[in-house]
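Notes follow the structure.
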Amino acid sequence: MPLTPDPMAYAEVRRAYDTVAADYAAYLPDTRAEARLDLAMVDAFADAVSTGEDPIVLDAGCGAGRLSRYVADRGCRTQGVDLSPGMIAMARRDHPDLGFAVGSLTALPFARDRFAGVLLWYSIIHTPPSGLAQVCREAARVLRRGGHLLVGFQAGVGIRDVSAAYRGFGHEVRLERYCYSPDTVADHLEATGLREVSRLVRRSLTAHERDDQAMLLARLG
Ligand SMILES: C[S@@+](CC[C@H](N)C(=O)[O-])C[C@H]1O[C@@H](n2cnc3c(N)ncnc32)[C@H](O)[C@@H]1O
């Protein structure tokens, strides 16, 4: 298990999600906010995992667990992990039959080769470019050979301040997210042995989406 400590930057992310956890869980209880196109990629991922042996998925950056529920309903066993104890408390409350743990994408608290699938659903978005390689290495480490990884994120360049979105709920948090080009993420995955199977890049469909959205499906080895 790597001993890499969390960069200080993640303390702010943890604090922000701890603060907004209850409202996040209430506002996004399931995947009804996801576009059908996006869910088609999650369906393809769940299908690839569930048809294999011991179909266990790590929902990495699981938040309040709504994607864990979605893939569990599609034939996968799940384990969620998130930086924020507040989000994990919501996940345990709302999905008591599923497994959740507190931990970081930069040092996943799981053994090598443990999972048939790793889902990174909008959880790399608070990882700065300098940390992306480590997050991809960790995902690949816990994934079995032949296993699948699905990553969803905002496509583009630059940093967005998303604090205002939470001010609407009465929370004074400081939270930024990073946009990434799909090629950059694919290159980082490739460097760990994760080969791209397919990608979806789509334009924003609603007013609250400020950027294009990207999903990459990759396979280890
Ligand atoms: C936008 S939310 C998405 C949550 C969930 N995947 C969903 O779709 O509802 C981002 C989540 O990633 C988690 N996160 C961000 N950076 C992380 C890290 N380095 N390690 C673990 N979790 C992280 C946050 O705590 C937060 O719960």
Requested in this report: Taking only the stretch 102-131 into account, find how many residues are in a helix (DSSP H, G or I) and within 11 Å of the ligand (Cβ to nearest atom).
Outcome: 4
Requested in this report: Please tell me if Ala214 is farther than 18 Å from Ser123 by Cα and either touching a Lys or Arg at 6+ places or on another chain (Cβ under 9 Å) or not in a helix (DSSP H, G or I) (or both).
Outcome: no
Query - Subset of the stretch 80-101 [buried (at least 22 other Cβ atoms within 10 Å of the Cβ), more than 9 Å from the ligand (Cβ to nearest atom) and not in a helix (DSSP H, G or I)] - result: Phe100
Report summary line: In the stretch 81-114, anything of a type outside the set (Gly, Ala, Ser) and within 15 Å of the chain's Cα centre (by Cα) is listed as Val81, Asp82, Leu83, Met87, Ile88, Phe100, Val102, Leu105, Thr106, Leu108
**Report entry** the stretch 155-191 - residue that is closer than 29 Å to Arg137 by Cα and aromatic (Phe, Trp, Tyr) and, of those, most open to solvent (accessible area, probe 1.4 Å)
**Finding:** Tyr178
Query - Residue check for Arg74: open to solvent by 40 Å² or more (accessible area, probe 1.4 Å), more than 15 Å from Leu120 (Cβ to Cβ), within 14 Å of the chain's Cα centre (by Cα) and not polar (S, T, N, Q) - result: no
Query raised in the report: Only one of (1) modelled with pLDDT of 95 or more; (2) closer than 29 Å to Arg199 by Cβ; (3) more than 11 Å from the ligand (Cβ to nearest atom); (4) surrounded by fewer than 16 Cβ atoms within 10 Å (Cβ to Cβ) is not met by Glu53, so which one is it?
Result: (1)
**Report entry** Pairs with Cβ under 6 Å, 6+ apart, first in the stretch 110-123 and open to solvent by 50 Å² or more (accessible area, probe 1.4 Å), second aliphatic (A, V, I, L, M)
**Finding:** Arg114/Val142
Query raised in the report: Out of curiosity, is Gly152 in contact with a Gly (Cβ under 7 Å, 6 or more places away or on another chain) and either open to solvent by less than 60 Å² (accessible area, probe 1.4 Å) or more than 16 Å from the ligand (Cβ to nearest atom) (or both)?
Result: no
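The values are calculated or read from the model by the stated rules, or taken from the named source; none is laboratory data. Predicted model, so just to flag it, every value in this text is computed and none were measured. Positions of Cβ are backbone-derived with ideal geometry, glycine not excepted, and every protein chain shown enters the neighbour counts. Quick note on the areas: whole protein, heavy atoms, side chains included, nothing else; ligands and nucleic acids left out. Shrake-Rupley method; radii C 1.70, N 1.55, O 1.52, S 1.80 Å.
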